[in-house]
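These notes concern the structure reproduced below.
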């Protein structure tokens, strides 16, 4: 029952927030974000803990301000999601900047596929839509939401701007390898392990666990592995792309571990530059909660 109510809330937002004036919607989203921070529920407390861990010397006041900025960024993402179906191709293209898009587009032009690994940051749907509009075929993997109708709605939402979304299950790696060999770009959020069998990494000086999937795909297919960090700008988003070198020595498991650590290091660099756009409200570190002053 609760799942169905939640689903209808999403469906309603997809309708209502597209009808209302844009400035009104985003202004009210900021108000809601500020209210949620003051309420300090479980998700906000987790965001505060995660952000504090990325900046251990941050002052209480600066941490408070960062949490407000982080929640506003997260709510901006959801407003984007609900309004995105009405965005024109021109708007999608004109509101994106990239440090060097040839890093990805050269791989697309070569036709050999690529893997993009990134944390939960900024508006990754906007980034995917941008590269789809530029000619890339992008495939991602989505956690299976309940109820089923909500999961299908999100899959259709992404298909509408050109991205294929596959359910996360035990058959997904072979399917992704097939997509890579057909020239697709596989985009995977990889800062949180959902399989319970991820790779141990050092992340901001503490132990965390991240998925092996992007590294495994790159090693087994030979396709380039690219790290991305997406941050918000006033008009849209900025994308920073970095090629991750794949080691050639050692066993597959040793190579995977090295690549996942490289990915974690690049995630940390992006988060350090734009911490407010890292929308992580789940547990990341495996050594217990980080204690923050209230």
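The values are calculated or read from the model by the stated rules, or taken from the named source; none is laboratory data. Since this is a predicted model, take the numbers as computed values, not measurements. Quick reminder, even Gly has a Cβ in these numbers, built from the backbone with ideal geometry, and neighbours come from all protein chains shown.
General remarks:
- Where residue 13 falls short, out of the listed (1) modelled with pLDDT of 95 or more; (2) surrounded by 14 or more Cβ atoms within 10 Å (Cβ to Cβ); (3) touching a helix residue (DSSP H, G or I) at 6+ places or on another chain (Cβ under 6 Å): (1)
- 1 or more residues surrounded by fewer than 21 Cβ atoms within 10 Å (Cβ to Cβ) and over 17 Å from the mean Cα position of the chain (by Cα): qualifying strands (runs of 3 or more DSSP E) within the range 161-258: 199-203, 206-210, 237-244
- Hits in the range 108-141 - residues which are touching a strand residue (DSSP E or B) at 6+ places or on another chain (Cβ under 8 Å), farther than 20 Å from residue 267 by Cβ and either touching a residue at least 60 places away in the same chain (Cβ under 8 Å) or not in a loop (DSSP other than H, G, I, E, B) (or both): 108, 113, 129, 130, 132, 139
- Being at pLDDT 95 or above and either more than 25 Å from residue 25 (Cβ to Cβ) or surrounded by fewer than 22 Cβ atoms within 10 Å (Cβ to Cβ) (or both) is a property that holds for residue 103.
- All of 180, 226, 219 fail the test of being at pLDDT 95 or above and under 17 Å from residue 119 (Cβ atoms), apart from 226.
- Residue count for the range 32-60 satisfying the condition of being surrounded by 12 or more Cβ atoms within 10 Å (Cβ to Cβ) and assigned to a helix (DSSP H, G or I): 17.
- Check on residue 219, in contact with a helix residue (DSSP H, G or I) (Cβ under 7 Å, 6 or more places away or on another chain), farther than 19 Å from residue 43 by Cβ and touching a residue at least 60 places away in the same chain (Cβ under 8 Å): no
So that you can scan it fast, the table gives a plain yes or no per residue for (1) out of contact with any helix residue (DSSP H, G or I) (no Cβ under 9 Å at 6 or more places or on another chain); (2) within 30 Å of residue 67 (Cβ to Cβ); (3) free of Cβ contacts under 8 Å to residues at least 60 places away in the same chain:
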site: 184; (1), (2), (3): no, no, no
site: 227; (1), (2), (3): no, yes, no
site: 251; (1), (2), (3): yes, no, yes
site: 258; (1), (2), (3): no, no, yes
site: 261; (1), (2), (3): yes, yes, no
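- For residue 80: the one exception among (1) without any contact (Cβ under 8 Å) to a residue 24 or more places away in the chain; (2) under 26 Å from residue 50 (Cβ atoms): (1)
- Filtered residue count, the range 142-160, keeping only those that are free of Cβ contacts under 8 Å to residues at least 40 places away in the same chain, surrounded by fewer than 18 Cβ atoms within 10 Å (Cβ to Cβ) and assigned to a loop (DSSP other than H, G, I, E, B): 1
- The one condition in (1) over 25 Å from residue 147 (Cα atoms); (2) modelled with pLDDT of 95 or more that residue 56 fails to fulfil: (2)
- So residue 18, is it assigned to a helix (DSSP H, G or I), farther than 28 Å from residue 149 by Cβ, in contact with a helix residue (DSSP H, G or I) (Cβ under 9 Å, 6 or more places away or on another chain) and touching a residue at least 12 places away in the same chain (Cβ under 8 Å): no
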